[in-house]
Amino acid sequence: MTLINRSLVTIDDLSNGEMEATFALADEMSADIKEQFGLCKGKIMASLFFEPSTRTRMSFEAAMHRLGGSVISSFEANATSFAKGESIADMAKVVGHYADIIVIRHPWEGAARVVADYAGIPVINAGDGGHQHPTQTLCDLYTIKQDKGTIKGLKIALWGDLKYGRTVHSLIFALAKFGADILFYPSPGLEVPEHVVKKLIKEYGGKLTHYKSADPAAKDEVSNLDAIYVTPNSPHQLAMMPNVNLQVELASGVDALYVTRAQKERFTAGEGLANRYPVVDKKLLQGKEFKKTLVMHPLPRVDELAYELDADPRARYFEQAARGVPVRMALLAQSLGAKEMPVKDEEALPRPDYPLHRQTFGIKCANPKCVSIQPTEQKYIKPLFRIVDHDPLTMRCVYCEHGFEPRFIASTEWHEGKVEFKKYHRADSYLVKKIRPEHLLVFNSEEEAEALGFKPSHYSHE
Ligand code: NCD
């Protein structure tokens with residue numbers, strides 16, 4: 001496949017082969033960055049940043065300038081028609097006529113998907129709330145590959161705010177896709193969201209192991225933080241052994257430690273850093289397991305990564321940021337059709353084709369930050385889910401990818417002249433597999449089902 005005219009909304013949109021091809025082109029371009037001028041002459045990139053940004057926006061813009069293209073930009077929601085109540089779809093349709101490609105950052109999760117649906121030109125997600133940030137992931141993988149030569153079989157530790165860190169969410173799936181093992185070191189209360197873990201297990205063959213702290217009081221030591229071990233592709237020997245010591249697991253060394261800041265701007269009311277946010281410094285990196293560890297961070301850093309590490313030979317975060325230009329040049333040049341790269345392999349793991357579920361009443365996405373439930377967007381976006389599991393019945397929002405498990409189900413096929421068949425059932429009854437996806441109705445409560453005239457069946461009691 002070629003990347004021409006394709007949007008990049010989540011990291012799932014790129015196959016391993018396409019990512020490798022992008023890295024190869026980034027290598028080629030960084031060998032002589034000034035020689036690329038003219039490749040995208042006459043093309044316009046719209047740079048729409050409705051959340052703070054330094055690196056992502058400037059490296060995208062620098063990349064477009066390096067390719068000889070032009071940039072139009074907007075980075076103040078209050079200075080655009082959003083402030084007048086304009087919807088994202090209307091903005092996308094308009095900007096789609098002004099530019100050849102859109103790069104968008106927005107606080108609502110799923111916003112980039114909506115822009116891609118309406119713009120009519122390729123759209124690149126530069127961060128949509130706490131959901132994903134796929135181009136940061138390309139910079140992260142590219143940095144790891146420059147040092148380690150491969151991603152497969154590496155052990156990568158993710159540190160800090162794994163709940164709201166969008167760079168972490170994109171990176172997790174990419175690492176799993178390439179066959180790396182992942183260790184989670186969340187700051188307490190900021191663990192990887194359940195829907196992300198479920199997707200890792202179901203779609204990437206991940207196996208989880210929880211390492212409980214030997215001494216829960218000693219929160220400072222990395223070995224004492226709870227960790228979750230994911231082994232994509234093939235079950236890991238240690239993951240099969242109960243009560244395995246984390247130290248044993250770490251004996252082979254950690255290949256990269258990916259540090260993130262607390263995404264305080266996404267915390268909900270009452271959510272705070274109850275426990276101290278763990279800091280990565282020289283002392284922590286004295287551990288044997290970190291001897292050859294690349295220290296990475298998408299930046300900006302606040303207090304979680306000590307400045308004393310800047311001179312440490314393991315530090316890679318400024319390289320990560322610098323590589324944003326050639327990586328984004330490679331991506332823009334391919335999306336705009338200025339370069340086509342041979343793609344070696346296709347998707348290592350086939351993407352599942354889950355049935356879509358549209359239900360215009362009752363249910364909506366429960367994530368308050370989802371684009372689909374914002375008042376300006378609800379006028380045209382109808383709730384849209386994928387049925388990702390039957391046991392238990394699990395729906396995933398097409399926009400923000402948060403999941404939910406409805407408690408009751410019914411079929412639109414109730415009528416056929418027999419009103420007594422207008423029944424609802426428990427979502428865990430055998431009927432969940434009998435009702436065809438296009439006829440399925442889901443409810444979160446019995447009241448919701450009864451309000452629509454459905455009566456309880458034999459299979460409705462919990
Ligand atoms: C990250 C982001 O915006 O998600 N920054 C970036 O793009 N390099 C990380 C962060 O803000 O913490």
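The values are calculated or read from the model by the stated rules, or taken from the named source; none is laboratory data. Predicted model, so just to flag it, every value in this text is computed and none were measured. Cβ atoms come from the backbone with ideal geometry, glycine included; neighbour counts cover every protein chain shown. The area values use the complete protein model at the heavy-atom level, side chains included, leaving out ligands, DNA and RNA. Shrake-Rupley method; radii C 1.70, N 1.55, O 1.52, S 1.80 Å.
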Note to self: Not counting ligands, DNA or RNA, and with a 1.4 Å probe, what is ILE201's accessible surface area in Å² rounded to the nearest 10?
What the structure shows: 80 Å²
Margin query: Are there DSSP H segments in the chain that both extend 20 Å or more along their axis (alpha-carbon positions) and score a mean Kyte-Doolittle hydropathy of at least 0.5? List them, or say none.
Written below: none
Next item on the list: Using only the Cα atoms, work out Rg/Rh for segment 1-80, with Rh taken as the Kirkwood radius, to two decimals.
Entry: 0.99
Next item on the list: Treat every Asp and Glu Cβ in segment 356-456 as -1 and every Lys and Arg Cβ as +1, leave all other atoms uncharged, and give the resulting dipole magnitude about the Cα centre to the nearest 20 debye.
Entry: 200 debye
Check: Going through segment 38-99, which chymotrypsin sites (Phe, Trp or Tyr not before Pro) have at most 11 other Cβ atoms within 10 Å and a DSSP loop state?
Finding: TYR98
Notebook entry, point to check: Of PHE60, ALA251, VAL71, whose Cα points farthest to the positive end of the dipole of the chain (charges on the beta-carbon: +1 Lys, Arg; -1 Asp, Glu; origin at the Cα centre)?
Noted result: VAL71
Check: How many nm separate the modelled label positions at ARG358 and LYS434, each set 7 Å beyond the Cα in the direction of the Cβ?
Finding: 2.7 nm
Checklist line | Dipole of segment 356-456 [Lys/Arg +1, Asp/Glu -1 at C-beta], most positive-end residue of THR394, CYS365, PRO383 | finding: PRO383
Next item on the list: Provide HIS65, HIS458 ordered by accessible surface of protein heavy atoms (probe 1.4 Å), highest first.
Entry: HIS458, HIS65
Notebook entry, point to check: Roughly what % antiparallel, to the nearest 5, for the DSSP beta bridges in the chain?
Noted result: 40 percent
Note to self: Could you compute Rg(Cα) / (2.2 N^0.38 Å) for segment 34-187, with N its residue count?
What the structure shows: 1.14
Notebook entry, point to check: Could you give the length gained on full extension between ASP147 and TYR98, defined as 0.36 nm per residue of separation minus the Cα-Cα distance, in nm?
Noted result: 13.6 nm
Margin query: Is there a quick way to get the dipole size of the chain? I mean about its Cα centre, with the Cβ of Lys and Arg at +1 and of Asp and Glu at -1; what is the value in debye to the nearest 20?
Written below: 280 debye
Margin query: If you scale each eigenvalue of the Cα gyration tensor by 5 and take the root, what three semi-axes come out for segment 356-456, rounded to whole angstrom and sorted largest first?
Written below: 24, 15, 11
Check: What part of the accessible area of the chain, given as a whole %, is carbon or sulfur when the probe is 1.4 angstrom?
Finding: 52 percent
Note to self: Given bins 10 angstrom wide, list per bin the percent of all Cα-Cα distances in the chain, short to long.
What the structure shows: 4, 19, 27, 26, 16, 6, 1, 0
Notebook entry, point to check: Expressed in nm to one decimal, what extension gain is obtained for the pair ALA366 and ILE72 from 0.36 nm per residue of sequence separation less their Cα-Cα distance?
Noted result: 102.3 nm
Check: Want the number for PHE421 to ALA83: 0.36 nm per residue separation, take away the alpha-carbon distance, what's left?
Finding: 116.8 nm
Check: With the other protein chains left in place, how much accessible area per residue, in square angstrom, belongs to the chain at a 1.4 angstrom probe?
Finding: 45 Å²
Item checked: Most positive-pole-ward Cα, GLY153, PRO122, THR135, against dipole of the chain from beta carbon charges -> PRO122
Margin query: Taking the Cα centroid of segment 1-78 and of segment 175-201, what is the distance between the two, rounded to the nearest whole Å?
Written below: 27 Å
Notebook entry, point to check: Given a 1.4 Å probe and the protein chains all in place, what does the accessible area of ASP391 round to, in Å² to the nearest 10?
Noted result: 120 Å²
Item checked: Loop-located GluC sites (Glu not before Pro) in segment 56-96 whose Cβ has at most 16 other Cβ within 10 Å (DSSP) -> GLU76, GLU86
Checklist line | Cα-projected label distance for LYS202 with GLU340, points at 7 Å along beta-carbon direction, nm | finding: 3.7 nm
Margin query: At 222 nm, what value in deg cm²/dmol follows for the chain if DSSP H runs of at least 4 each add -39500 (n - 2.57) and the sum is divided by all its residues, to the nearest 500?
Written below: -7500 deg cm²/dmol
Checklist line | Label-to-label distance, nm, for residues given as THR54 and LYS282 (7 Å Cα→Cβ offset) | finding: 2.4 nm
